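Step one of this worksheet: look at the structure below.
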Amino acid sequence: MAEIIGGIGTSHVPSIGAALDKGLRDSADWKPFFDGYEAGKQWMVEAEPDIAVVIFNDHGNTFFLDKVPTFAVGVAETYNPVDEGWGPRAIAPFEGAVDFSWHFVDKLVERHFDPLVCREIEVDHGLQVPMELFFGRPDRWPVRVLPIWVNTIQYPIPTPQRCWDMGTVLREAIESWPGNERVVILGTGGLSHQLQGARAGFINQAADRAWLDGIAANPEPIAP
Amino acid sequence: MPEQHFIPDTPLFDRAGSIRGYKINKMAMALGQPQNREAFKADEEAYLDRFGLAPEEKAAVMSRDWHEMVRLGGNLFFILKIAAVDPTPITQIGAAQASMSHDDFLYERLGKKRNG
């Protein structure tokens, strides 16, 4: 069976990628941020994963409001960076973990999930930035990917319970996969942050820390 | 849908907003394609007319009134593509919505360190 070697949570804000594009890695504003990722990057090198499962949300780049999947799963051979308005970024395309991805889709449906299954699709910064933070800017990524999109843009959005349940199916899929791949899971997205309105940029650090402590110490959801 | 719709100073992208803002967001989404960016730059009003925007929506876009675009149902994820064409930094949009100077926004909201 394949093996889960770890799970990592990270931000994926696009300005991180833009900073790398502009060569600002070691600038005064950005250096403390990127230095904070060095330990994780090193861990990743030593852990030698074969597959990265990247769970993220699209930001109105790949999906529009005309068709909004609650959960979408990629089974593509290749995922190119999508044009987010500035033109596609000059980073390597991502190779899909095709067979394993289909296996996950099979498991999901077997367990009564109804995902959108994507054979041809591009990925935005939600997947790109976490990959860059942990694998740098290689000409070829050292892992194949399984992208999972979670709707966060248009109501109704999936309940936390449903996301939890999908995670248990993901574990089942990995543990029942006959290959011996090493799988790392990247859970990506923001903690508190606000883009719209007069509180744009507002961050609630106390709530963020409480949430992180909660999911680390007591992740099992409380039964209703 | 959340039952509590009111959060101070926070225009929620709720169902009414999503329905109301459909055209403005569709127009902005299309700017993900280079030929549409060219059309937008060449004749902004004609480009907006292609998507059937109402006069108040057109006015909000053409004056880059981000607050008003959001009030009309614009979602930052989409309307940022307008900013990409200009280009306007996202921090500038944040500052405009917060009614702060760009510098104050960077320091007070984003934790930029003064003098360093």
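Only one of the numbered conditions (1) within 11 Å of another protein chain (Cβ to nearest Cβ); (2) free of Cβ contacts under 8 Å to residues at least 12 places away in the same chain; (3) on the phi < 0 side of the Ramachandran plot is not met by residue B:9, and that is (3). Considering region B:101-116, and only residues there that are more than 9 Å from chain A (Cβ to nearest Cβ) and not in a helix (DSSP H, G or I), the residue that is least open to solvent (accessible area, probe 1.4 Å) turns out to be B:101.
Residues that are under 30 Å from residue B:32 (Cα atoms) and modelled with pLDDT of 95 or more do occur in region A:173-185, at least one of them.
For region B:59-79, the set of residues classified as in contact with a Leu (Cβ under 9 Å, 6 or more places away or on another chain) and open to solvent by 30 Å² or more (accessible area, probe 1.4 Å) consists of B:62, B:77, listed by residue number. On the stretch given as region A:175-193, residues that are open to solvent by 30 Å² or more (accessible area, probe 1.4 Å) and over 23 Å from residue A:114 (Cα atoms) total 8. Got at least one residue in region B:59-75 being assigned to a helix (DSSP H, G or I), farther than 16 Å from residue B:28 by Cα and without any contact (Cβ under 8 Å) to a residue 24 or more places away in the chain? No, region B:59-75 contains no residue that is assigned to a helix (DSSP H, G or I), farther than 16 Å from residue B:28 by Cα and without any contact (Cβ under 8 Å) to a residue 24 or more places away in the chain.
Residues checked against (1) open to solvent by 50 Å² or more (accessible area, probe 1.4 Å); (2) closer than 22 Å to residue A:12 by Cβ; (3) assigned to a helix (DSSP H, G or I):
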site	(1), (2), (3)
A:161	yes, no, yes
A:167	no, yes, yes
A:173	no, no, yes
A:208	no, yes, yes
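Just to be sure before I move on: is residue B:48 over 26 Å from residue A:89 (Cβ atoms), over 10 Å from the mean Cα position of the chain (by Cα) and surrounded by 15 or more Cβ atoms within 10 Å (Cβ to Cβ) in the structure I sent? Yes: the conditions hold for residue B:48. Entry remark, region B:12-49: residues being over 27 Å from residue A:198 (Cα atoms) and without any contact (Cβ under 8 Å) to a residue 12 or more places away in the chain number 10 in total. Assess whether residue A:203 counts as being hydrophobic (A, V, I, L, M, F, W, C), out of contact with any strand residue (DSSP E or B) (no Cβ under 7 Å at 6 or more places or on another chain), open to solvent by 60 Å² or more (accessible area, probe 1.4 Å) and in a loop (DSSP other than H, G, I, E, B). In short, yes. Close Cβ contacts (under 9 Å, 6 or more residues apart or on different chains) running from residues in region A:172-199 that are closer than 24 Å to residue A:135 by Cβ and within 14 Å of chain B (Cβ to nearest Cβ) to residues that are among the basic types (Lys, Arg) and open to solvent by 50 Å² or more (accessible area, probe 1.4 Å) comprise A:191/A:209. Looking across A:130, A:160, A:156, A:142, one residue alone is more than 13 Å from the chain's Cα centre (by Cα), under 22 Å from residue A:20 (Cα atoms) and either modelled with pLDDT of 95 or more or within 14 Å of chain B (Cβ to nearest Cβ) (or both). It is A:142. Within region B:12-58, the residues that satisfy the criterion of being more than 21 Å from residue A:84 (Cα to Cα) and at the interface with chain A (Cβ under 7 Å from one of its Cβ atoms) are B:14, B:15. Looking at region A:1-115, the helices (runs of 4 or more DSSP H) lying wholly inside it that each contain 2 or more residues that are among the small types (Gly, Ala, Ser) and within 14 Å of chain B (Cβ to nearest Cβ) sit at A:14-21. Test residue B:65 against the stated conditions and say whether it is within 10 Å of another protein chain (Cβ to nearest Cβ) and acidic (Asp, Glu). No. Sort through A:143, A:129, A:45, A:68 and tell me the only one that's over 22 Å from residue B:30 (Cβ atoms) and open to solvent by 10 Å² or more (accessible area, probe 1.4 Å). After applying the criteria, what remains is A:45.
Any residue in region B:1-16 that is in a helix (DSSP H, G or I), touching a helix residue (DSSP H, G or I) at 6+ places or on another chain (Cβ under 7 Å) and charged (D, E, K, R)? No: region B:1-16 contains no residue that is in a helix (DSSP H, G or I), touching a helix residue (DSSP H, G or I) at 6+ places or on another chain (Cβ under 7 Å) and charged (D, E, K, R).
The values are calculated or read from the model by the stated rules, or taken from the named source; none is laboratory data. Not measured: the values here are computed from a predicted model. All Cβ positions, even for glycine, are placed from backbone atoms using ideal geometry, and neighbour counts span all protein chains on display. Accessible surface is based on the protein model in full, side chains and every heavy atom, while ligands, DNA and RNA are left aside. Shrake-Rupley method; radii C 1.70, N 1.55, O 1.52, S 1.80 Å.
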